[in-house]
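Here the structure is laid out as C-alpha cells; the discussion comes afterwards.
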Amino acid sequence: MRHLINPLDFSLDELHDLLNLADDIAAAPEKYQDVCAHKKLATLFYEPSTRTRLSFEAAMMNLGGSVLGFSSADSSSASKGESVADTIRVVSAYADIAAMRHPREGAPLRASMYSRIPVINAGDGGHEHPTQTLTDLMTIRRRCGKLDGLTIGLCGDLKFGRTVHSLITTMVRYPNTKFVLISPKELRVPDYIYNDVLKPSGCRYVKTTSLEEAMPQLDVLYMTRIQRERFADPNEYRRLKDSYILTPDKMALGKPDLAVLHPLPRVNEITLEVDDDPRAAYFEQAQNGVYVRMALIMTLLGLTEKPLADKPASSRELVEMHCPNPRCITGVEEGVKHLFHRAPDGVLRCIYCEQEA
Ligand code: CP
C-alpha cells in the first residue's frame, strides 16, 4: 500500500503518469464517473480548508464514490484528546482512503504508520502540502508546455508557506530549473530546504527582497499569502503582512507568457485587477485541483492501468531524540517516539517535521 505524505513519495515516472491521467480526466471526465463506485474517501480536516477539502470531496464524487469526514478538530473526538494514531485505525474500518490536514507537522506521516488504507497529506502545519504541488505542476505544464528549464519566482511567506516547500522539493527534480526566492529576510525558506533540497540539487537559486527586479526574468510567478496563523507574535505578522502586493503595474514588468499561480486563499497580495490579466492562472489552478485529486485517488486505490509498485521498506537508520519544534506532532501525540534520521547535509532531522536535532 502506498501513501502520499511527501512530494518525493512518487518517482518522476509515477508523477508523470498521474499528470497524464489528470489531463485525460480534464478532457473527458465522463469516462471516469463510475471508477470509484462503492469506494469511500474520509476527509479528516483538523484545520480550515476550502479548496483542498472540497476538491477532494468533489473528486471522489466525480469518480462515483462517496465521502465522509469532519472539517474541524472541534467536531471530531480530537477535541476529547483522541490521538491521530487511534483516529486513523478507526477510520481504516470506515473508508477506503483518507486525506488528512492537520496543524501539527508530521501528523499525516504518523497516521500512515497506523493506517490500513492509503493516507494523503492534505497539508501539515507549515511543513508540506504535496497535493497542492500536483495541482501546481498540472497548471504549470498546461500553461508553459513543460516542467523543465523554467525560472520560477516564489514570492511572500517562504518560511511558513508549506506549498512553497513542496513545490521546491519537486521542481528541483527537473533539469535547468532556476528559483528566484522573493521574501522579506524574516520569511525566507527554512534551512532544511536550502541544505537538503536546493544545495544538493545543483539548481540555481537567488534570494531577493524585490518583486519588481525579479519580474522580467520569470516564467512562473508563485505568489503566497503571509500565513497569519503560523506567527507566534501578532505584531510580527502585522509588520510583514503587506510585504508584496501584485498589481497591474508590476504585471507590466512580466513576460507576455508569464503564468501567475497562487495556491489561494489570497488576502491582499494580488489585487483584484490582476484577475482579468490572461496570465493569471490561479482560478484555473484551483479547478485543476479536482482533476489531479481524481487521478491521485485512482492511483492510490490501484484503479489505473499501471498500478503503483509497492515501495521497499526504508533502510535509513533512525535515532531516538527529543524534537524541540513546538509545531511537531511529537509534542502532542501520546506514545509517539521522537525519531531522527541523518539528512543529506549530515544533520540529524526529525522524521516528522525536519527540525534539526
Ligand atoms: N490551497 C489550499 O490549500 O487551500 P485551502 O486552505 O482552502 O484548502
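The values are calculated or read from the model by the stated rules, or taken from the named source; none is laboratory data. Remember, it's a predicted structure, so these values are computed and weren't measured experimentally. Please note: Cβ atoms are built from the backbone with ideal geometry, for glycine as well, and neighbour counts cover all protein chains shown.
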Quiz prompt | Filtered residues of region 243-277 (kept if touching a residue at least 40 places away in the same chain (Cβ under 8 Å) and not in a strand (DSSP E or B)) | solution = Ser243, Tyr244, Leu253, Asp257, Leu258, His262, Pro263, Leu264, Pro265, Arg266, Val267, Glu269
Quiz item: Under the condition of being in contact (Cβ under 8 Å) with a residue 24 or more places away in the chain and either more than 24 Å from Leu134 (Cα to Cα) or among the hydrophobic types (A, V, I, L, M, F, W, C) (or both), which residue from region 46-66 is surrounded by the fewest Cβ atoms within 10 Å (Cβ to Cβ)?
Solution: Ala58
Quiz item: Regarding Val347, is this residue touching a strand residue (DSSP E or B) at 6+ places or on another chain (Cβ under 9 Å) and at pLDDT 95 or above?
Solution: no
Quiz item: How many residues are hydrophobic (A, V, I, L, M, F, W, C) and modelled with pLDDT under 95 if we restrict to region 204-239?
Solution: 3
Self-check item: Subset of region 67-92 [surrounded by 16 or more Cβ atoms within 10 Å (Cβ to Cβ) and within 22 Å of Val290 (Cβ to Cβ)]
Solution: Val67, Gly69, Phe70, Ser71
Exercise. Could you tell me whether region 141-160 includes any residue that is out of contact with any strand residue (DSSP E or B) (no Cβ under 7 Å at 6 or more places or on another chain), within 16 Å of the ligand (Cβ to nearest atom), touching a residue at least 24 places away in the same chain (Cβ under 8 Å) and assigned to a helix (DSSP H, G or I)?
Key: no
Quiz item: Assuming Gly145 fulfils every condition listed in (1) touching a helix residue (DSSP H, G or I) at 6+ places or on another chain (Cβ under 8 Å); (2) on the phi > 0 side of the Ramachandran plot apart from one, which condition is it?
Solution: (1)
Quiz item: For Asp23, all conditions in the list (1) under 19 Å from Asn288 (Cα atoms); (2) in a loop (DSSP other than H, G, I, E, B) hold save one; what is the number of the exception?
Solution: (2)
Quiz item: What are the residues in region 165-190 that are buried (at least 18 other Cβ atoms within 10 Å of the Cβ), free of Cβ contacts under 8 Å to residues at least 40 places away in the same chain and either touching a His at 6+ places or on another chain (Cβ under 6 Å) or closer than 17 Å to Gln217 by Cβ (or both), if any?
Solution: Met171, Thr177, Phe179, Val180, Leu181
Quiz item: What pairs can you find where one residue is in region 214-242 and part of a helix (DSSP H, G or I), the other is surrounded by fewer than 22 Cβ atoms within 10 Å (Cβ to Cβ) and among the hydroxyl-bearing types (Ser, Thr, Tyr), and their Cβ atoms are less than 8 Å apart, with a gap of 6+ or different chains?
Solution: Ala214/Thr208; Gln217/Thr151; Arg228/Tyr237
Quiz item: Which of the following residues is within 23 Å of the chain's Cα centre (by Cα), more than 30 Å from Leu18 (Cα to Cα) and outside the structural domain of Gly123 (by TED's automatic domain parsing): Arg239, Arg204, Arg279, Arg230?
Solution: Arg230
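State all residues of region 191-210 that are under 15 Å from Leu154 (Cα atoms) and either in contact (Cβ under 8 Å) with a residue 60 or more places away in the chain or touching a Lys or Arg at 6+ places or on another chain (Cβ under 6 Å) (or both); if no residue qualifies, say none.
Answer for region 191-210, where residues must be under 15 Å from Leu154 (Cα atoms) and either in contact (Cβ under 8 Å) with a residue 60 or more places away in the chain or touching a Lys or Arg at 6+ places or on another chain (Cβ under 6 Å) (or both): just Arg204.
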